[in-house]
Every structure is written in C-alpha cells, then in structure tokens.
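Taking it in order: structure first as structure tokens, then the write-up.
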Amino acid sequence: MAVVKKARMEEMESKHKNEHDPYVYTQRVFVPKREGGQCAVSVYTIEPGKSAYPYHYHTKNEEVFYILKGNGLLRTPQGEEPVTAGDFLFFPAEEGGAHKLTNLSQTEPLIYIDFDTSNDIDVTYYPDSGKIGIWGKGINRLYKTAEDVPYYEGE
C-alpha cells in the first residue's frame, strides 16, 4: 500500500560519495528508486569545484533538476552554460539529454533537487570514457562499449 511521505531535508537519509576526484557529493534520498515505482527524488550537494557524475545520458529515464543554492556549470550537447539558484533543468532520455553539472564555486556548495523517472531497466552512456551502464532488475554494471562480443558467444 502506498504511503504519503513528508520529510525535512535534515531528516532524510544521507549518503556521501568521494570515490574518485573530481566527483564528490552528498545525496539525501526522499523517494528512493524502487521496483514498480515511477519516480525517484533526492537532494544533492556538490562540493566546491566538483561534479556529482561524469557527462552521461540515459536511454529510458528522464531527469529534472531544480537548483536550490549555488552556481554551477552545465555541460550539454549544446555546449556549456552557467546555472544558478532558481533554475530548472530538464534532461530527456537519449543522447540529446546528455549532461554534467559542476560546482563553479571554490568555497560554497551547489545544492539541487533531482527528480527522476524510474524505469525497470535503464542504460546509461558515458561518451567521454566510452562506457555503458546497465541499471535495474538486479543488474548494476558498467562496461566498456569497445569490448564487443559475438551474439552467440558462450551459448
């Protein structure tokens, strides 16, 4: 049974990720990705001078960001442009929705709400590094796109 949810940002579960410089962020999950769910909502805080994720695009999931605080640099297929508090950003599925958000400040965090659609299986492309990610249904893996194998190999 669905439950209506209400929370304050400071009450949300927080996850800090700092596995690879220059990608450092904290994620506060409001609506987690879940089987059968149609959306996921989190609040991200990007550390000064860092990004949350590399340049990428999804084949199924769409994303909407709302910038709460700070100044960032948004990279898309159309180029780079500054973003600031009060900006809405929409990233459709497929190559035209490719994006990367970087915090321009060296002292202040960049904070935004991330609203995502949540399909059972999503494939994410990382054009700069030649990787592909497969997410959902218990598969959460990354592969190099250049490592192609014949269709019947191993069958």
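Brief remarks on what is shown
- The 1.4 Å probe gives accessible areas that order I67, I111, largest first, as I111, I67.
- Rounded to the nearest 20 debye, the dipole size of the chain about its Cα centre is 560 debye, using +1 on the Cβ of Lys and Arg and -1 on the Cβ of Asp and Glu.
- The range 55-133 - percent of accessible surface contributed by carbon and sulfur, probe 1.4 Å: 52
- For the range 71-85, Karplus couplings with θ = phi - 60° (6.51, -1.76, 1.60), whole Hz, Gly/Pro x: 10, x, 10, 9, 9, 9, x, 7, x, 10, 8, x, 10, 8, 3
- Classification of the range 1-40 by its C-alpha gyration tensor yields an oblate form. The axis ratio a/c (a ≥ b ≥ c) is 1.5 or more, and b/c is at least a/b.
- Loop-located GluC sites (Glu not before Pro) in the range 1-71 (DSSP state not H, G, I, E or B) with no more than 10 neighbouring Cβ atoms inside 10 Å: E35.
- Separation between Cα centres of the range 18-47 and the range 51-110, rounded to whole Å: 14
- With each label modelled as a point 7 angstrom along the Cα→C-beta vector, the M12-Q27 pair spans 1.1 nm.
- Top of G97, G70, G130 by mean-square fluctuation, Gaussian network on the chain, Cα under 10 Å: G130
- Accessible area in square angstrom per residue, the chain, 1.4 angstrom probe: 65
- Fluctuation leader among N18, N71, N119 - the chain, Gaussian network, Cα springs under 10 angstrom: N18
- Global form of the chain, assessed from the alpha-carbon gyration tensor, a/c cut-off 1.5: oblate
The values are calculated or read from the model by the stated rules, or taken from the named source; none is laboratory data. Fair warning: this is a prediction, and the values are worked out from it, not measured in the lab. Methodologically, a virtual Cβ is constructed for each residue, glycine included, from the backbone with ideal geometry; neighbour enumeration extends over all protein chains shown. SASA here: full protein model, heavy atoms, side chains in, ligands and nucleic acids out. Shrake-Rupley method; radii C 1.70, N 1.55, O 1.52, S 1.80 Å.
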